[in-house]
1. Using alpha carbons only, how many degrees (0 to 90, rounded to 10) separate the axis of helix 147-158 from the longest principal axis of the chain?
2. Could you give the alpha-carbon Rg of the chain over 2.2 N^0.38 Å, rounded to two decimals?
3. Determine the calculated [θ] at 222 nm for the chain from helices alone, applying -39500 (n - 2.57) to every DSSP H run no shorter than 4 residues and normalising by the residue count; nearest 500 deg cm²/dmol.
4. Treat every Asp and Glu Cβ in the chain as -1 and every Lys and Arg Cβ as +1, leave all other atoms uncharged, and give the resulting dipole magnitude about the Cα centre to the nearest 20 debye.
5. Roughly what angle does helix 119-128 make with the longest principal axis of the chain, taking Cα atoms, 0 to 90 degrees, to the nearest 10?
6. Let me know the longest stretch in the chain that avoids all GluC sites (Glu not before Pro) found in a DSSP loop with at most 13 other C-beta atoms within 10 Å.
7. Specify whether the C-alpha gyration tensor of the stretch 110-205 places it in the rounded, prolate or oblate class, a ≥ b ≥ c being the square roots of the eigenvalues: rounded for a/c under 1.5, otherwise prolate if a/b is larger than b/c and oblate if not.
8. So if a site counts as exposed when it's one of the trypsin sites (Lys or Arg not before Pro), its DSSP state isn't H, G, I, E or B, and it has at most 14 other Cβ atoms within 10 Å, what's the longest stretch of the chain without one?
Amino acid sequence: MHVVCFDIDGTLVASAGFDGELYQQAVQDVLGVNLNPDWSQYKNVTDSGILEEILESIPDVEERTRLGRRVKSEFVNSTKQYFERNPRLIREIPGAKALVTTLREFPNVSICIATGGWAETATVKLRAIGIDPTKIPMATSSDAVRRTDIMRLAESRAIRGPVTRRTYFGDGQWDKKAAAELGYDFVAIGGCVDHHVAFQDLQDLEAILGQLRV
């Protein structure tokens, strides 16, 4: 069984820009903290991981939990409002839906989604581009802090037999790093990651399927 796993932001959905801005704004509004826009400077580049790192200086556990919930609620609500106001701006990475649909037809392939975003926003983004999140095994930052743990969980929810190969599609250096740690083949999407296997988007179905050897 070949497990093919996808990130969401910048990989399936063209949301990396506004998603980061809304997250930064939620943190600023609730905590008064200006985030470093270079996500690679954070230990765990996930919604829960970055927030955990910001809040770790607060000694009171209950206060950290309360503030964390407020940030998450603010971010989820602002994301939903953005989608309602700008439905035409929510776009799939070209070819995303067709690739996911095609891969689901191969009996020797199990697809899944492992995203550093929280479940609530991940679900909204996928539905916005016509992918039903209930039909694909998924793990998110709501499940774990570390991306590698999220990927392991997504795989465990997807596998239907012995795994012979693993591939992860992502758009960030943190995706590439996590894939290397877990022994996944990595496919870089979007042109922001220097990698020997890379595609600008997901439109070249024949080339991508050839790379996956399915």
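Any read-out appearing in this document is the output of simple, stated calculations on the displayed coordinates, not a laboratory observation. Note that the structure is a prediction, hence the values are computed from the model and not measured. In this analysis, Cβ positions are derived from the backbone assuming ideal geometry, glycine residues included, and neighbour counts consider all displayed protein chains.
1. Roughly 50 degrees, rounded to the nearest 10.
2. 1.00
3. -14500 deg cm²/dmol
4. In total the dipole reaches around 640 debye.
5. 50 degrees
6. Value returned for the longest uninterrupted segment is 106-214.
7. rounded
8. Longest run free of exposed loop sites: 105-159.
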